[in-house]
Structure formats: structure tokens, C-alpha cells
1. Once the Cβ-Cβ distance between A:ASN130 and B:SER41 is put in as r, and R0 is 30 Å, what FRET efficiency do you end up with, to the nearest 0.05?
2. Quick check for you: which residues of the stretch B:180-206 have the amide N under 19 Å from the point 7 Å beyond the Cα of B:SER234 toward its beta carbon?
3. Under a cut-off of 21 Å between alpha-carbon atoms, report the lysines in cross-link reach of A:LYS57, not counting same-chain residues fewer than 8 places apart.
4. Greater than 29 Å separation of Cα atoms is the criterion. Which listed pairs, A:LYS178/B:LYS326; B:LYS251/B:LYS326; B:LYS146/B:LYS326; B:LYS56/B:LYS102, meet it?
5. Using the beta-carbon distance between A:SER88 and B:GLU14 and R0 = 45 Å, what value does 1/(1 + (r/R0)^6) give for FRET efficiency, to the nearest 0.05?
6. Give the accessible area for A:ARG173 in Å² (nearest 10); use a 1.4 Å probe, count only protein heavy atoms, and leave out ligands, DNA and RNA.
7. Taking 37 °C and 0.692 mPa s as the conditions, I'd like the Stokes-Einstein D for the stretch A:114-198 in µm²/s, using the Kirkwood hydrodynamic radius from alpha carbon pairs.
8. In the neighborhood of A:TYR145, defined by Cβ-to-Cβ distances under 11 Å, what is the net charge if each Lys or Arg adds +1 and each Asp or Glu adds -1?
Amino acid sequence: MELLCIRQWISGLLPTWLSAWCIKPVGGALVRQEPEYILLALMGSPLKKIMLCSSEKEIFSVEEQVMVQHSVIINNMIEDGSYNHEESKIPLDCVDSKTLKKVIDYCTHHTHHHNDNQEDLEAWDAQFLNVDSNGLYDLLMAANYLEIRNLLDLIYGTIKNMIKGKKIDEIRRIFNIKDHGFTPEEEEQNRKEYPHFY
Amino acid sequence: MDREKVDWSELPIELWPKIGKCLENHIDVLRFRSVCETWRSSIPSSHPNSPSFPMKIPHPINSSIKASLTQATLYLIESTDASFGSKLDPLAPSSSKGWLIKVEEGPKGVSLRLVSPISGRKIFHPSEDSPMIWNLLNYRVIELCKSYTLQNTGRFSASVSKVVFFPNSSWVGVEDSVACCVFLEGRLGIMKHGDEKWALVDDKNFYYDDVIVHRGQFYVTDKWGTISWVDTNSLKLIQFTPPLCGFGNKKHLVESCGSLYVVDRYYETEPRRRNYFGRQENRDAAVECFKVYKLDEDWGTWVDVKKLGDRAFILGRNCNFSVSAKELTGYQGNCIYFTDMFDLRMYSLDDHSIVTIDFDPSIEKNMMPQTAWLGHTI
């Protein structure tokens, strides 16, 4: 049966307050979610899944709503119809399996636990980002590619804490920056900009 | 299969500005720009119109003359490994703890100077012949907070007991900044950048003791300890806490670990009434004790705080702050450091005793290198 008819029928049944309630954040903006999906979920229908394919050709199945809520790229793909539920998988060639699994964990946790109190969420996030420098780099690249705003902000905050309070050569070591690219004159200029006293 | 450590310079170049803009403190921005050429070119050193000090603003009392708002920054210098520091390195701490310095910025072109974090007095180098340059670039430095002083020229003496200024970030233009002060006689003044004179808030009342910036807003406390929020748009006070009814003589606001505390100072004798042209501190008054209160924001009630644990509160001359004593040399936890007349004193919440400390914790002894100190007897 045409999904369109079902949707219109369900929309007609919904009270206004439920329609108004159906807003979700996508990529930092609030977007109205199709209330009929919520109702279908409430009625116990199986939630739609989508397939994501890592660079190592491993397939991950994840709830569509979870990824659509967090990733602007995936949301755009679903909305403009370029993704066909029955056949396709979304290829993510620049994200390896380990990182993709972590990204999916992040999005899933934040969708299902968004009503938890702030402290618990922050503790979970801190645990989630307890990774080495390589892992953080991969997560940052993946979050940037998929345009997951809140994960990006979280990672920026972590990087900020890695920089704060450290000496310059320590920062270069952490981020494995081998060549700083300054001339001796520029380095001297940098020194002068720093607070110094006699 | 072990992967080689990734080279972060392969990160897409458009991400560095976003990371750089997360850093708010000026010293963090400087540090970011000193790491490598890519990072340096990704962000400017500051907003072209960010606040710069000293700043000329109208005098709070006589708006026809200009006063100078100066800024000082409190830094926490963290210890480094023994291999980095050496006995001759003047700022290398002797233990694994870090320490506190307060740096006051002089007028343009003049070097910065060290002042005591508690008393605000300038720290003099014992030898003028061989000045050593200490560049903060060589140390692990964290900015703790900023404090402000209003210095004036002419015959009007310093007429404010406390002034605060917000926002003071590298990324915000000064036109958005607001200064808030408590006058010596207890009135509250506000000035937005660009105003020609200070405006009084709640001008009928003369009993404000302290002002602080907390979570980006101005909060004041009156002589009873009740905290109000200052609405800078309407210039009105909105009561933020239930009445405290602290019976001490002077209230101080301290922020510690994200919460607001009121520290109530009890003098032994009733101090003289504050004077319009008066002195900053009550010279006759000696402190008897302190009581500390914390606002329980969930229940909206005051909690009597008997123990500060590892934290030490410092009631400095121009700003109040708290530190973790186990990370710093010279400070003890569960204590309040303050000035009383000209002395530096420490109140312990354990046994309610007060001792006069003969040096600014961790400053005088560690600042000057051993060899230089011994070589130049005073």
C-alpha cells in the first residue's frame, strides 16, 4: 500500500500537540520530524534501518533515525532520495570499521539517552573519548566527513584540553608535528609575543 | 599491527580555525599560534577590536576625567619533569607542585611586572644589575583568572573597592564589554563600553560588598550576603538567592569548582564607617574569623560550609579565587588567605586559627634563583 496514503491518514489522526512535539535536532538546527514515524514507532513497527559500509567493506546496520538525527550528510542523502532502503548501502570509504562502530555507538547512545541528566551524559562522553591520539584523529576525520556537529564540538573540546597548559614542544610531540615551519625570525617574534617579565 | 603515530598536520586545514577559536584565553591562543605555521595562519591573534589594557574609561565619580583600567592575570605554572628544569632556572619549582603568579600589565612598551597574588604588591627583583628575563613560553602555564584595577590620575583617590570587566576574550570586540564596580561607600556602578559616565544600579542603597563574574554574568552580594544578578540591559538587580543574614562585617564572593560561595569576614571590632575619600582597607580592624556559605542551587538554600577539603580560598586585593592546594607549593587546603591591614594572613577552617605568613606563598622563596639571592645580599 502506498506509504503516502498511510502517512496522510496518520497525520490526520494526530492531535496538534503531538505534531508540535515532533521536532528533532539535525546538524544543529531543529527540524520537524515526520510525526507519523513517531507514531509508527510507538505502535511497535520495526524501525527502519540503514546500511553503512566502512572502508574495509564491513557493513553496519543502524537505525535510520539515529543517523539522520546526528549526521547532516546522511540526513541529506535520505531526504533527497538518493538512498534506496531496499538495495543500497552508504559507502564511507574514508572511515574504517573500528571508527565507524564508535561513531555509531555515539549517535545511538545520544539518541536513546538524550533525556538523561547532563552529568551522566558528560561522563559517558568522557569515557567515549578516552582513546589514543590516533583514535581521536580518526574520530575527528569521521565526524567531519559525516558532519556530526555535537561530536565535532566534543572533540574540539578535548583537543583544547590537550593544548591548554602545555609547553610548545610538548604540544608538537602530542600532535606529532615534526616540522613547525617557522623561520628563526618568526620564532623570535613568537617569543616576544608571550608575556615575559624581568 | 601497530600503527605509526598519526601526523596531525594531515588534518584538513579548515578544521584548525574551528579548534583555535575554542581557545578563549589569550595565553592559550598565543600558544596555539606558536606551535606551527599551519596553526598560526589558521587564526588571528585576536579579534581586531578585542579589549586591550590599560584602557581609558571615565572616572567613576568625576566623569570629566579619565581613569585607567588595568588588567592583571593569574597564572598557574605547572611543574615540569626534572630534566626540563634546573637549579638555575628561576621558575623551576623544587617539588612536583606548581605555583601561582600574578602578572600585571604595564602601559604599552613597558614590560610586565610580577605582583603578589594575595596582596597585589609589586615583587622586586633583588638585583637591578642582572635582570633575568622570564618568558612564559618556557613553562606550562594555565590562566586562572583576571583581575582589574582602576587607577586614576589627579587628586581623586581610588574610590572603588572592586571592579570587574566582562567579556574579555580574544574573540569578542570591546564594544560588547561591560565594567561593574563596587564603590568604597557601598554603591554599585555599571559602565558599558562607550558610555560617557558610570550609571548607578540600585542607587538608593549603599550596602554592596562584592561583585564577581560567574558563568558570564555579574553577581553582587550585599552586606547580608544575599546574592543578586545584575541585568546589564535594564540596570536592575534580580535577587538570585534567598537572604543569607550573615552577621559578619564584610562579604566576599568566591567561585570554586563552578559554584558560588559567600565568605563572611568577621572583624574583632566594629570597623569605622567607610569613607568617600577613604582608605581601601580598615587599618584598625583585625579579622577574627570567617564563615563560608555555599548556595545549593538544586534546593535554593544556603549551606554552611565547614570544610573546603583540598581547596584554598584566596581573597586577593582585586579578585577572589580558589585553588587546589595539593597542586600548588605553599598553599594549604581548607584555608582562607587574605590581607588584613598590610599583613598576609591565613585562616584555617580546621581549627579556626589565624597565622600571619611571612612571605607570599611560593613567591619569594622560589622566584629568585638561589645563586642570585646569595650573591646579592640586601
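1. 0.40
2. B:188-192, B:199-205, by backbone N distance to the label point.
3. By straight Cα distance, A:LYS57 reaches A:LYS49, A:LYS89, A:LYS98, A:LYS101, A:LYS102.
4. A:LYS178/B:LYS326
5. 0.95
6. 140 Å²
7. Estimated via Stokes-Einstein, D reaches 211 µm²/s.
8. -3
The values are calculated or read from the model by the stated rules, or taken from the named source; none is laboratory data. The structure displayed is predicted, hence computed values, not measured ones. Glycine also receives a Cβ, built like all others from the backbone with ideal geometry; neighbour counts cover every protein chain displayed. Quick note on the areas: whole protein, heavy atoms, side chains included, nothing else; ligands and nucleic acids left out. Shrake-Rupley method; radii C 1.70, N 1.55, O 1.52, S 1.80 Å.
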